[in-house]
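Trainee: Have a look at this one before I ask anything.
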Amino acid sequence: MSFISQTTALTATGIRGISQRLGSSFVVVIGVMTVVAVLISLLAMSQGARQMATANTRADRATVVSRGARGVGSSSLPRATVLKVFDAPGIKRTPEGQPYASAVAATGVDVLKKDGRRGTVFLAGITDGFRLTSPTIEVIEGRRIRPAVREIMVSESSRRIYRNMNIGDHITLRGGEWTIVGVYRDTGSINDSQILTDADVFMSAFNRNEYMQAMVVLESPASFARLKDALTSDPSIAVDVRTDAEMQQQNFGQLYTLLDFVAYFIGAIMASGAVFGALNALYASVDTRRREIATLRAIGFNNGPIMISVLAEALVLAIPAALVGTFLAWLFFNGDVANIQGLVFKLTVTPGLVLVSVFWALAIGLIGGSLPALRAARLPVATALRRT
Amino acid sequence: MKFLPLVLAGMLRKRGRALLMLLQMVSAFMLFGVLQGFNSGLKEVIARTHADRIYVASAVSLGDPLPVSHESRIESVPGITQVSARQQFGGTYKLPNQFIPIAAIEAKTFFEIYDEIVVAKDQLEALGRTRTGAIVGSETMKKHGMKVGDHISINSPVQRADGRAWEFDIVGSYTIEDQPENSVLIVTNFDYVNEGRRTGRDTVLMFVAKIANPAQATEIGLKIDNLFANSSNETHTQNESELAQSQIQRVGDIDFVVHGVVAAVFFALLLATGALMMQSVRERVPELAVLKTVGFTDERVMVLILLESIVFCVLAATIGLLLAKMILPLARQAVGVPNMPAVVFYMGIGFAVLLALISGAVPAWRGLKLKVVDALADA
């Protein structure tokens with residue numbers, strides 16, 4: 001018989017025999033399933049964070065922060081600097097000459113979540129140009145905020161997670177009452193973790209005279225270089241100009257690197273446990289089949305097909321287990337909202353994660369099946385044919 | 001203990017299988033140790049806080065500055081013995097990834113409030129005399145090779161009006177008793193930072209105060225907050241334990257993740273162990289029958305099987321937990337939990353015994369009910 005027909009025949013026999021070795025099969029299946037379920041659930045968190053960070057990224061938009069600022073939290077731009085930014089070349093303008101430019105000053109605000117625990121929401125003071133630089137902010141209930149009054153627009157998520165965020169509710173901050181006047185649609189981006197008010201009102205209430213960052217929409221993605229040159233070569237201001245993508249990486253890179261690390265760290269330890277369990281289970285399976293395997297070798301089946309059939313048994317158990325594990329992770333956690341230090345995002349089980357789960361199943365199955373497969377190939381025919 | 005040889009013989013009957021099972025268990029308990037260690041470590045941080053210290057911060061959020069003028073009114077509240085402004089920020093030293101936190105405080109009162117900080121008296125006086133002086137934590141001094149008398153320069157996002165970096169003259173070093181690894185701050189004079197900064201002058205992130213009677217913390221806190229209620233700089237006062245708790249709560253639902261992962265791991269382990277024990281007992285039916293023939297009672301055989309299970313699981317748990325204890329400090333930089341609390345060890349051993357009993361229950365029952373005649377007939 002040829003290699004391939006030997007392999008198929010042996011694999012088919014081996015797989016049909018799984019029902020006789022339910023104990024060890026179960027160990028492999030449950031082992032892989034739990035590893036994958038946990039790994040994919042944790043990775044869903046980092047994928048969710050990643051998607052939140054990169055949603056709304058445009059090639060024709062740039063952010064200006066103070067020079068050397070490591071993230072938006074440590075950036076501070078005086079008013080004069082912001083005015084210069086608004087006048088810079090390369091910025092798209094309306095027919096009336098208004099630049100597509102806005103500036104933001106923000107702070108974290110302690111609020112109570114609906115379940116009674118404390119949380120943080122980000123209150124951002126925005127200038128009028130914000131509706132031009134962030135056109136995805138769409139009011140679905142109530143109305144937009146007006147300048148010069150203490151009004152707030154909340155995201156759908158903020159309204160859902162925190163208390164007192166309905167239209168007409170009041171929040172007391174800095175000695176004054178602020179009224180919720182509108183709700184804007186969730187966009188799956190950082191705006192969902194925010195509530196918005198007018199920049200001047202914010203700055204006067206919070207005693208600030210500097211903005212944190214400025215955003216501009218460019219005439220075209222190619223204008224970025226012109227804008228950056230003009231602003232960084234101006235000796236009277238000290239700024240850095242970054243693309244949307246660079247800003248996301250700076251602001252969130254640490255978060256999803258950390259989440260990825262936690263997921264893979266826990267996953268690796270669990271996977272090693274699953275490998276030991278699979279090795280044990282498959283050794284036991286080969287043991288149970290030793291007379292069968294010895295007979296096959298005695299009648300002329302080659303070692304190669306025998307080894308492959310053991311490996312195949314491992315994979316036939318591991319891969320479906322991984323898919324079930326991924327399905328469980330999706331069932332229980334997909335779409336759940338995570339809230340880490342005020343950043344709101346949804347756990348997302350992406351198709352990419354399904355591939356990751358299959359890859360890990362392959363690894364566990366192959367490593368766990370390798371030594372038993374070798375053992376099967378090396379069984380001395382005569383000894384295996386004895387009764388004990 | 002006279003049965004120990006029997007128990008060991010049973011465990012090591014199939015050495016390869018025992019080793020693999022051991023490794024699987026060790027990895028499970030190691031993961032448990034790391035996760036629960038982190039979880040319990042956070043709880044321990046809360047427990048270790050000082051009940052006689054309160055923090056006055058903005059009612060908006062800890063990051064929102066308060067005017068320094070609040071201090072005199074806070075001091076006048078009865079029950080408060082010392083107050084210090086505390087401006088917390090940070091910067092990088094020499095390389096952009098070498099971050100050091102800085103606390104700008106009032107030298108006269110700060111070290112009395114944080115009485116667990118050990119610092120030489122003359123160094124403390126030097127801090128009071130030297131405007132640009134700094135007392136640096138022993139851990140940071142060691143890590144960066146700093147010495148008393150050095151002049152250091154820190155780059156910070158909190159900018160100076162003259163655009164330069166923050167410069168400090170090291171006049172001393174401090175250690176926190178029984179937490180030396182947490183002695184990392186650069187402690188400097190509030191006035192120096194306040195006068196040099198470009199924005200936010202005459203504001204401070206929080207005031208820290210020592211109160212005479214810890215039981216009065218809530219009452220005093222309310223009194224302080226009432227002083228500033230309905231003003232544009234309302235305060236929110238918490239004691240140290242509440243502050244720690246709210247910081248941890250903000251990170252998210254760590255408890256849920258830890259418990260979920262641990263549950264999944266132990267579920268898989270329980271199944272594997274149970275399957276293994278069942279198979280092992282099944283294979284040893286003739287031997288168990290011989291034991292009964294020789295005179296071991298049914299109950300003794302059952303206990304023997306359970307004992308084997310317990311010894312195995314506890315051994316694996318101990319190894320796994322010790323490994324976790326070694327790993328956890330490595331993550332200290334990222335997560336700030338220095339050591340695995342002892343309670344995690346006890347929990348782990350407890351789980352091991354439980355695992356042993358549950359997975360060994362059916363095999364032990366089998367051993368109990370084994371009829372010598374039937375067993376020997378098979379062999």
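Trainee: What is the one condition in (1) within 14 Å of another protein chain (Cβ to nearest Cβ); (2) crowded, with 22+ Cβ neighbours inside 10 Å; (3) touching a Pro at 6+ places or on another chain (Cβ under 9 Å) that residue A:207 does not satisfy?
Mentor: Evaluating residue A:207 over (1) within 14 Å of another protein chain (Cβ to nearest Cβ); (2) crowded, with 22+ Cβ neighbours inside 10 Å; (3) touching a Pro at 6+ places or on another chain (Cβ under 9 Å) leaves (2) as the failure.
Trainee: Do the conditions hold for residue B:292, that is, is it more than 10 Å from chain A (Cβ to nearest Cβ) and open to solvent by 60 Å² or more (accessible area, probe 1.4 Å)?
Mentor: The answer is no for residue B:292.
Trainee: Go through region B:233-258 and give me each residue that's more than 8 Å from every other protein chain (Cβ to nearest Cβ), of a type in the set (Val, Ile, Thr) and open to solvent by 30 Å² or more (accessible area, probe 1.4 Å).
Mentor: Hits for region B:233-258 are B:248, B:254.
Trainee: Of the residues that make up region A:260-271, is at least one surrounded by fewer than 21 Cβ atoms within 10 Å (Cβ to Cβ), free of Cβ contacts under 8 Å to residues at least 60 places away in the same chain and either in a loop (DSSP other than H, G, I, E, B) or not assigned by TED's automatic domain parsing to the domain that holds residue A:382 (or both)?
Mentor: no
Trainee: Is it the case that residue A:290 is within 30 Å of residue A:381 (Cβ to Cβ), within 14 Å of chain B (Cβ to nearest Cβ) and basic (Lys, Arg)?
Mentor: It is true that residue A:290 is within 30 Å of residue A:381 (Cβ to Cβ), within 14 Å of chain B (Cβ to nearest Cβ) and basic (Lys, Arg).
Trainee: Among residues belonging to region A:31-58 that are of a type in the set (Val, Ile, Thr) and surrounded by fewer than 24 Cβ atoms within 10 Å (Cβ to Cβ), point out the one that is nearest to the other protein chains (Cβ to nearest Cβ).
Mentor: Within region A:31-58, the match that is nearest to the other protein chains (Cβ to nearest Cβ) is A:54.
Trainee: Restricting to region A:92-105, what's the tally of residues that are buried (at least 20 other Cβ atoms within 10 Å of the Cβ) and either over 30 Å from residue B:92 (Cα atoms) or within 10 Å of chain B (Cβ to nearest Cβ) (or both)?
Mentor: 3
Trainee: Looking at B:65, B:101, which one is under 25 Å from residue B:251 (Cα atoms), under 22 Å from the mean Cα position of the chain (by Cα), open to solvent by less than 60 Å² (accessible area, probe 1.4 Å) and in the same structural domain as residue B:170 (by TED's automatic domain parsing)?
Mentor: B:101
Trainee: If you scan region B:56-84, which residues turn out to be closer than 22 Å to residue A:174 by Cα and among the hydroxyl-bearing types (Ser, Thr, Tyr)?
Mentor: Matches in region B:56-84: B:58, B:61, B:69, B:72.
Trainee: Within region B:32-41, which residues are in contact with a Phe, Trp or Tyr (Cβ under 9 Å, 6 or more places away or on another chain) and either not assigned by TED's automatic domain parsing to the domain that holds residue B:348 or not small (Gly, Ala, Ser) (or both)?
Mentor: Once the filter is applied, which keeps residues that are in contact with a Phe, Trp or Tyr (Cβ under 9 Å, 6 or more places away or on another chain) and either not assigned by TED's automatic domain parsing to the domain that holds residue B:348 or not small (Gly, Ala, Ser) (or both), region B:32-41 yields B:32, B:34.
Trainee: Name the residue that is surrounded by the fewest Cβ atoms within 10 Å (Cβ to Cβ), counting only residues in region A:9-30 that are among the hydrophobic types (A, V, I, L, M, F, W, C) and within 14 Å of another protein chain (Cβ to nearest Cβ).
Mentor: So, considering only residues that are among the hydrophobic types (A, V, I, L, M, F, W, C) and within 14 Å of another protein chain (Cβ to nearest Cβ), the one surrounded by the fewest Cβ atoms within 10 Å (Cβ to Cβ) is A:22.
Trainee: Next question, about the same structure. Working carefully through the options A:142, A:119, find the one that is open to solvent by 40 Å² or more (accessible area, probe 1.4 Å), among the small types (Gly, Ala, Ser) and either within 14 Å of chain B (Cβ to nearest Cβ) or out of contact with any Pro (no Cβ under 9 Å at 6 or more places or on another chain) (or both).
Mentor: A:142
Trainee: Further question on the same structure: Could you check region B:38-121 for strands (runs of 3 or more DSSP E) lying wholly inside it with 2 or more residues that are under 26 Å from residue B:226 (Cα atoms) and touching a residue at least 40 places away in the same chain (Cβ under 8 Å)?
Mentor: Those strands (runs of 3 or more DSSP E) span B:53-58, B:80-93.
Trainee: Among what's in region B:325-350 and is modelled with pLDDT under 90 and open to solvent by less than 30 Å² (accessible area, probe 1.4 Å), pick the residue that is nearest to the other protein chains (Cβ to nearest Cβ).
Mentor: The qualifying residue nearest to the other protein chains (Cβ to nearest Cβ) is B:328.
Trainee: While we're on this one: Between a residue in region A:61-76 that is more than 11 Å from chain B (Cβ to nearest Cβ) and any residue that is part of a helix (DSSP H, G or I) and basic (Lys, Arg), which pairs come within a Cβ distance under 8 Å, given they are 6 or more apart or on different chains?
Mentor: Listed by first residue and then by second, the contacts come to A:62/A:228.
Trainee: Among (1) within 26 Å of the chain's Cα centre (by Cα); (2) open to solvent by less than 20 Å² (accessible area, probe 1.4 Å); (3) within 10 Å of another protein chain (Cβ to nearest Cβ), where does residue B:317 come up short?
Mentor: The number of the failed condition is (3).
Trainee: I've got another one for you. Among the residues of region A:167-189, which ones are open to solvent by less than 40 Å² (accessible area, probe 1.4 Å) and aliphatic (A, V, I, L, M)?
Mentor: Once the filter is applied, which keeps residues that are open to solvent by less than 40 Å² (accessible area, probe 1.4 Å) and aliphatic (A, V, I, L, M), region A:167-189 yields A:171, A:173, A:180, A:181, A:183.
Trainee: Can residue A:124 be described as of a type outside the set (Ser, Thr, Tyr), surrounded by 15 or more Cβ atoms within 10 Å (Cβ to Cβ) and either touching a residue at least 12 places away in the same chain (Cβ under 8 Å) or within 14 Å of chain B (Cβ to nearest Cβ) (or both)?
Mentor: Details: of a type outside the set (Ser, Thr, Tyr): yes; surrounded by 15 or more Cβ atoms within 10 Å (Cβ to Cβ): yes; either touching a residue at least 12 places away in the same chain (Cβ under 8 Å) or within 14 Å of chain B (Cβ to nearest Cβ) (or both): yes.
Yes; evaluated as a whole, the condition is true for this residue.
Trainee: Can you find even one residue in region A:294-304 that is at positive phi and either open to solvent by less than 50 Å² (accessible area, probe 1.4 Å) or not assigned by TED's automatic domain parsing to the domain that holds residue A:121 (or both)?
Mentor: Yes, the conditions are met somewhere in region A:294-304.
Trainee: Give A:197, A:257, A:187, A:232 a once-over and let me know the one that is outside the structural domain of residue A:100 (by TED's automatic domain parsing) and among the polar types (S, T, N, Q). It would help to see each step written out before you state the result.
Mentor: Working: A:197 fails: outside the structural domain of residue A:100 (by TED's automatic domain parsing); A:187 fails: outside the structural domain of residue A:100 (by TED's automatic domain parsing); A:232 fails: outside the structural domain of residue A:100 (by TED's automatic domain parsing).
Result: A:257 is the single residue among A:197, A:257, A:187, A:232 that is outside the structural domain of residue A:100 (by TED's automatic domain parsing) and among the polar types (S, T, N, Q).
Trainee: Here's a follow-up. If a residue must be among the aromatic types (Phe, Trp, Tyr) and modelled with pLDDT of 85 or more, how many such residues does region A:1-44 contain?
Mentor: Within region A:1-44, residues that are among the aromatic types (Phe, Trp, Tyr) and modelled with pLDDT of 85 or more number 1.
Trainee: Report, by residue number, each residue of region A:275-287 that is of a type in the set (Gly, Ala, Ser) and more than 7 Å from chain B (Cβ to nearest Cβ).
Mentor: Within region A:275-287, A:278, A:281, A:285 meet the criteria.
Trainee: Then there's this: So which residues in region A:59-91 are surrounded by fewer than 19 Cβ atoms within 10 Å (Cβ to Cβ) and touching a Leu at 6+ places or on another chain (Cβ under 7 Å), if there are any at all?
Mentor: A:60, A:89
Trainee: Another question about this same structure. Assuming residue B:58 fulfils every condition listed in (1) open to solvent by 30 Å² or more (accessible area, probe 1.4 Å); (2) in contact with a Leu (Cβ under 6 Å, 6 or more places away or on another chain) apart from one, which condition is it?
Mentor: Unmet condition: (1).
Trainee: Continuing with this model, one more query. Search region A:272-290 for residues being of a type in the set (D, E, K, R) and part of a helix (DSSP H, G or I), and hand back the single one that is surrounded by the most Cβ atoms within 10 Å (Cβ to Cβ).
Mentor: Looking at the filtered set, the residue picked out is A:287.
Trainee: Same structure again: If a residue must be open to solvent by 80 Å² or more (accessible area, probe 1.4 Å) and in contact (Cβ under 8 Å) with a residue 40 or more places away in the chain, how many such residues does region B:123-159 contain?
Mentor: Total satisfying the criteria: 2.
Trainee: Go through B:301, B:362, B:353, B:261 for me and flag whichever is closer than 30 Å to residue A:278 by Cβ and crowded, with 17+ Cβ neighbours inside 10 Å.
Mentor: The conditions single out B:261.
Trainee: For region A:223-233, does any single residue satisfy the condition of being at pLDDT below 90 and crowded, with 17+ Cβ neighbours inside 10 Å?
Mentor: Taking every residue of region A:223-233 in turn, none turns out to be at pLDDT below 90 and crowded, with 17+ Cβ neighbours inside 10 Å.
The values are calculated or read from the model by the stated rules, or taken from the named source; none is laboratory data. The structure displayed is predicted, hence computed values, not measured ones. Every residue, glycine as well, gets a Cβ built from its backbone with ideal geometry; the counts of neighbours run over all protein chains shown. With ligands, DNA and RNA removed, areas are computed over all heavy atoms of the protein, side chains included. Shrake-Rupley method; radii C 1.70, N 1.55, O 1.52, S 1.80 Å.
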